[in-house]
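Chemist: Before I ask anything, let me first share the structure, which is written out below as structure tokens.
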Amino acid sequence: MYTANSLNTSDNAFKDDQIVLTPTYHVFRMYSVHQDAVLLPVELRGQYYTNGADSIPALSVSASRDKEGKIHVSMANLHPTKAQTLRCELKGATCSGFSGEIITATAMNAYNDFGKPPAVIIRPYTDAQIAGGTVTIALPAKSVVTLEVD
């Protein structure tokens with residue numbers, strides 16, 4: 001457990017009466033749509049990102065339906081240099097549109113810091129297409145996208 005006295009102030013997101021909104025903060029806020037919602041099962045097949053002897057799925061997906069019946073799909077492209085396209089079939093749902101958010105940056109190690117304009121922020125996401133019950137999403141490298149499907 002950390003106490004305020006044991007934290008290194010250079011790693012701290014607080015300074016006097018200022019706060020820096022870190023990339024982790026933004027991603028947590030984007031995924032908060034899944035809190036108190038019903039988990040929707042997801043079957044994911046796709047490519048892997050390999051670095052040396054280590055290999056992980058390039059994409060991660062979570063989906064849920066909230067109390068108002070809205071479907072939220074959150075996707076992370078873990079590949080640091082390669083964009084991915086995800087085709088998501090929403091069985092039993094009618095889809096007429098979506099709103100979305102994306103977080104990414106030009107550099108893998110981008111961060112927000114005091115006295116500098118934010119390098120990593122949430123932006124509107126519009127690069128998805130809906131045809132029937134299928135949503136096709138273009139995910140840039142090293143990005144997280146959350147969609148609310150109408």
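Here, each number is a calculation from the coordinates, and none is a lab measurement. Predicted model only: the values in this text are computed from it and were never measured. Positions of Cβ are generated from backbone atoms using ideal geometry, with glycine treated the same way; all protein chains shown enter the neighbour counts.
Chemist: Only counting other Cβ atoms within 10 Å, I'd like Ser96, Ser60, Ser55, Ser143 sorted with the fewest neighbours first.
Modeler: Ranked by crowding around the Cβ, least crowded first: Ser96, Ser55, Ser60, Ser143.
Chemist: Pulled fully out, how much extra length does the chain show between Glu68 and Thr81, if you take 0.36 nm times their separation in residues and subtract their Cα-Cα distance?
Modeler: Going from the current span to full extension adds 1.0 nm.
Chemist: Using modelled amide H (1.01 Å from N, peptide plane; none on Pro or chain starts), what sits under 5 Å from the amide H of Leu59, excluding residues fewer than 5 places away?
Modeler: Leu78
Chemist: Follow-up question, since we're still on this one. What number does the chain give for Rg over Rh if you use C-alpha atoms and the Kirkwood radius?
Modeler: In the chain, Rg relative to Rh is 1.02.
Chemist: If you don't mind, another one. Within the chain, count lysine pairs with alpha carbon atoms under 24 angstrom apart where the residues are 8 or more positions apart or belong to different chains.
Modeler: So the count works out to 5.
Chemist: From the helices alone, meaning DSSP H stretches of at least four residues, give me the mean residue ellipticity at 222 nm for the chain, per-run term -39500 (n - 2.57), in deg cm²/dmol to the nearest 500.
Modeler: -1500 deg cm²/dmol
Chemist: Which whole-number percentage describes the relative contact order of the chain, with Cα contacts under 8 Å and a sequence gap of 6 or more?
Modeler: Reported as a whole number, the value is 26 percent.
Chemist: Report the gain in length on full extension from Ile19 to Thr126: 0.36 nm times residue separation, minus Cα-Cα distance, nm rounded to one decimal.
Modeler: Stretched fully, the Ile19-Thr126 segment lengthens by 35.6 nm.
Chemist: What does the charge count near Ala83 come to, summing +1 for each Lys or Arg and -1 for each Asp or Glu among other residues with Cβ under 13 Å from its Cβ?
Modeler: +1
Chemist: Let me ask something additional. Which order do peptides 42-53, 68-79, 122-133, 97-108 fall in by mean Cβ count within 10 Å, highest first?
Modeler: Listed from highest to lowest mean packing, they are 68-79, 97-108, 122-133, 42-53.
Chemist: In whole Hz, with x marking every Gly and Pro, tabulate ³J(HN,Hα) for the range 59-76 from phi via Karplus 6.51 cos²θ - 1.76 cosθ + 1.60, θ = phi - 60°.
Modeler: Here the 3J(HN,Hα) series is 10, 10, 9, 10, 9, 7, 10, 7, 4, 8, x, 6, 9, 10, 10, 10, 10, 10 Hz.
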